[in-house]
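Here the structure is laid out as structure tokens; the discussion comes afterwards.
Taken together, the values in this text are just the output of simple stated rules run on the coordinates, not laboratory data. Bear in mind the structure is a predicted one, so any value in this text is a computation, not a measurement. Positions of Cβ are backbone-derived with ideal geometry, glycine not excepted, and every protein chain shown enters the neighbour counts.
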Amino acid sequence: MRSDFDAAQLVTQIQAWGRELALSQIGVAGVDLSSAEPGLAAWIDAGYHGDMDYMARHGMKRARPAELVPGTLSVITARLDYLPRDTPDDWQNTELQRLQRPAEAVVSLYARGRDYHKVLRARLQKLAERIEAAIGPLGHRVFTDSAPVLETELAQRSGLGWRGKHTLILHRQGGSLFFLGEIYVNMALPPTAPVSAHCGGCSACIGACPTQAILGPQRLDARRCISYLTIEHAGPIPEALRPLMGNRIYGCDDCQLVCPWNKYAQRTPLPDFDPRDGLAGASLVELFGWTEAEFLQRTEGSPIRRIGHTRWLRNIAVAMGNALRQGNEPGIREALAARSDHPDAVVKDAVAWATEQRIPHH
């Protein structure tokens, strides 16, 4: 590695290259995250990570970049906006209205296009190659939600935003609809300055959470979070939480939909995140009818694929039960009956539960 480069100038250059690669923002963080360790330890001790055993297994390695990748001296952080290119200005209302149509399947905004892991990783890899071309061999490793990396802590320290009360990173000019990625590098770069928090007295996200998973500012019990339940959690969804899930079948955007800062959410210039046919506005019955082969074909290159067909059916069955609780019948009982003897126990349980649902009598 050349020793004659000006580190501060290099950071400015990396930010310019990042913009050329359609990355919305680039920051730099140091590797001493020790002040974040007590909070991480307390969160894991409380069991808030649920089935995400890897969180506990990696322990404090998450907060120690130089233990995860020996030789790391700095972390380059990146944000990539994902609001689709042709999103209308009143998109927050459009999305909230979907939740009022019980027979419609709601997939989280970020998951309607191409798998962000692939999109962001490829761009970060290109950025690392540009740095290498400029300064010589560089020890580096690229991460996009792919290892025990304390992403929000690194993003916050490097000025990509502040940590909102819902625990997501918020940016004054970009809201929270962006992905985070990192490049761990073996050279010391001057860190970019953090920004101050601007949530003030607002707690819209806490009040909006359908399952009350946000216990207080920056305190999330993942075991109650619909994103966790529909994506990370493998077994049956706890029965008490099922009616609260409504028609959300993959992820949940509620805390972001009500956040005032998201009126500044930026459209992505990339076609990758355009919604795929059939993932916005589809009916529960239609998606529940997909065979495994159809599921795999239609979710190719999509983040949804990683949950597999059985979890997909489990999620939709719960949503169908919730539609029946709202009095929405067309085709739903027939669709459930067709899968009532599904070989997977978790799907079978969800279908049986859904079939029993009626409009509650008050």
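Here are the numbers:
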{"quantity": "For the stretch 213-355: relative contact order, % (alpha-carbon pairs under 8 angstrom, 6 or more apart)", "calculated": "27"}
{"quantity": "Total charge dipole magnitude, the chain, about the Cα centre, Cβ charges on Lys, Arg, Asp, Glu only, Debye to nearest 20", "calculated": "280"}
{"quantity": "3J(HN,Hα) from dihedral phi, the stretch 224-229, Karplus parametrisation 6.51/-1.76/1.60, rounded to Hz, x for glycine, proline", "calculated": "9, 6, 5, 4, 5, 4"}
{"quantity": "Debye intensity ratio I(q)/I(0), log10, the stretch 213-355, q values 0.14, 0.16 Å⁻¹ (C-alpha model)", "calculated": "-0.72, -0.93"}
{"quantity": "Mean-position separation - Cα centroids, the stretch 187-251 and the stretch 122-177, in angstrom", "calculated": "20"}
{"quantity": "Lys/Arg +1, Asp/Glu -1 at C-beta; the stretch 213-355 dipole; positive extreme among 351, 281, 236", "calculated": "236"}
{"quantity": "Per-selection Rg to Rh, the chain - Cα, Kirkwood hydrodynamic radius", "calculated": "0.99"}
{"quantity": "Protection-proxy order for peptides 290-300, 168-178, 323-333, each taking the mean of Cβ atoms within 10 Å per residue, highest first", "calculated": "168-178, 323-333, 290-300"}
{"quantity": "Nonlocal amide H pairs with residue 268, under 5 Å, H built at 1.01 Å", "calculated": "83, 85"}
